[in-house]
1. Could you size up the charge dipole of the chain around its Cα centre, putting +1 on the beta carbon of Lys and Arg and -1 on that of Asp and Glu, and report it in debye to the nearest 20?
2. Calculate how large, on average over all directions, the projected area of the Cα convex hull of the range 350-478 is; give the answer in nm² to one decimal.
3. Please give the calculated 222 nm ellipticity per residue for the chain, where each DSSP H segment of at least 4 residues contributes -39500 (n - 2.57) and the sum is spread over every residue; nearest 500 deg cm²/dmol?
4. Give the accessible area for Leu401 in Å² (nearest 10); use a 1.4 Å probe, count only protein heavy atoms, and leave out ligands, DNA and RNA.
5. Whole number in Å², please: accessible area per residue of the chain, 1.4 Å probe, ligands, DNA and RNA not counted.
6. Using a simple charge model, +1 on the beta-carbon of Lys and Arg, -1 on the beta-carbon of Asp and Glu, nothing else, what dipole does the range 134-218 show about its Cα centre, in debye to the nearest 20?
7. Mind checking which of Gln270, Pro320, Trp357 is farthest towards the positive end of the chain's charge dipole, using Cβ charges of +1 (Lys, Arg) and -1 (Asp, Glu) about the Cα centre?
8. Any idea which of Pro410, Val178, Gly341 is furthest toward the positive side of the dipole for the chain, if Lys and Arg beta-carbons carry +1 and Asp and Glu beta-carbons -1?
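The values are calculated or read from the model by the stated rules, or taken from the named source; none is laboratory data. The structure displayed is predicted, hence computed values, not measured ones. Cβ sites come from the backbone with ideal geometry, for glycine too, and all protein chains shown count toward neighbours. We work out accessible area using only protein heavy atoms, side chains counted, and drop any ligands, DNA or RNA first. Shrake-Rupley method; radii C 1.70, N 1.55, O 1.52, S 1.80 Å.
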Amino acid sequence: MTDQLQAATTGAPARPQAAAAPLRPVALTTLIFGAFLPMLSFFVINVALPAIGSDLRATSGELQLVVGSYGIAVATLLVVGGRLGDKLGRKRLFMIGLIGFTVMSLICAVAPSIGVLLVARVVQGAAGAAVTPQVLATITSLLTGEHRARAMAMYGVAGGAAAAFGQILGGVLVEANVFDLGWRAVFLVNVPVGVVGVLAAIRLIPETKAGKAQRVDLVGAALLALTLVLLLLPLTEGRPLGWPLWTWLCLAATIPAVLALGVHQHRSEQTGRSPLIPPTVLRLRAMRIGLLLAVAFFTTFGGFMFVFALATQGEAHMSPLEGGLSLLPMAVGFLITSIYGPRLQVRYGAGLIVRGWIIQGIGYAVLAVAALTLWPDVNPLKLALPMLIAGFGSGLVMVPLMGVVLSQVPPAQAGLGSGILLTSQQTCLALGAATVGTAYLSLAGRSWGQGGALAAVALAITAISLLMTPVTNQLRSR
């Protein structure tokens, strides 16, 4: 799977370079931490959203865009960043991306208005898309065997830790209010860490390039970005604005945008170029199933993390720290499965994901009961059991998903398949904040209240989890 992950952002199988210098542990740590920052930035912001809204007078739709715009920028440029790294040098792109991410974090931290913050978040996401693929490609180019497997396991744990502990860290930073920074500390903390990462990269990370770099499908990336913006913008801004005509026109325009993207990808592949989303890979049965599972999981997960932060700091009157700590049991369950998931995958294959869907569904169902019966008198302790169950189940779905799906894809197409799965992951995390967030805000604004709206979201995720179990069973166990 490690070759497949590297190839996810290049479109071609990874080939070790005999002349490349070995990757020392301190250099590997620098790479992993560089990738950890962009992943963390997606989740750490959720707990700070109420404070941002109050300080910058942002609407609920604009707060959804703070999350969604970042994720879409990462999703549309992830593969592009990988192929640019192959061509120009992975160390160079890693450093350019990390510098850009650090500078944009500083601009986010001092943003005087929600408009400035949104623009900075888009550029920050683009910089993050330049960082992440270089980590996977450098690891695969310089390491082999057990060393490579261990490095990829570290990368996986870093991703799990970012998702699990991001909102907890956000709550700590906002609550601490160091130097009266409030929510701005969530962004400002990236600056010294990013500077240290750049300095370490200069000294420690060796430069590598691909023997034959693939062409960059900029047109495909632009069409994908256009499609997502046409979908995301009206979904986030339509409800607070009363669904004006332009929102419906944007939603209708997604259809020709999708068709244009599909035609371009088909023509690119037919003419021997490297499309962003190769149609032949999408025709594979395992990939279609895998994409359906990825869309179901990452949309609901990204959406839940967004609405949970709003609910706990709303009618429940939790502080940012208490809201973050409410996620600690979920983080613990998620982290455990991030560590032990690869071993369980070898034993259970797709059956592990089935178990994960069921456990996740139970956790969210118990959370719905808690929200309906205890709200708003809830605290981190009262929510601990359902959050632990949901986190454990979520980890059992997410950790093995890519490996199980790609094990059933022909090796020649596995790299392209992993690129599609990674892109769908980032896309759906962003769209989750828009779709699930809009549904939650609509229900909370009626007689449901925030507790009822949170329960409805949790029950919907339970239903989706149960519906995905027979779909997952169509994947052959290894």
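1. Using Cβ point charges on Lys, Arg, Asp and Glu, the chain gives about 1600 debye.
2. Reported value for the Cα convex hull: 8.3 nm².
3. After summing the helix terms and dividing by residue count, I get -27000 deg cm²/dmol.
4. Only protein atoms counted, so the area is about 10 Å².
5. Counting only protein heavy atoms, the per-residue value for the chain is 39 Å².
6. Value, rounded to 20: 400 debye.
7. The residue sitting farthest along the positive end of the dipole is Gln270.
8. With unit charges placed on the Cβ atoms, the residue in question is Pro410.
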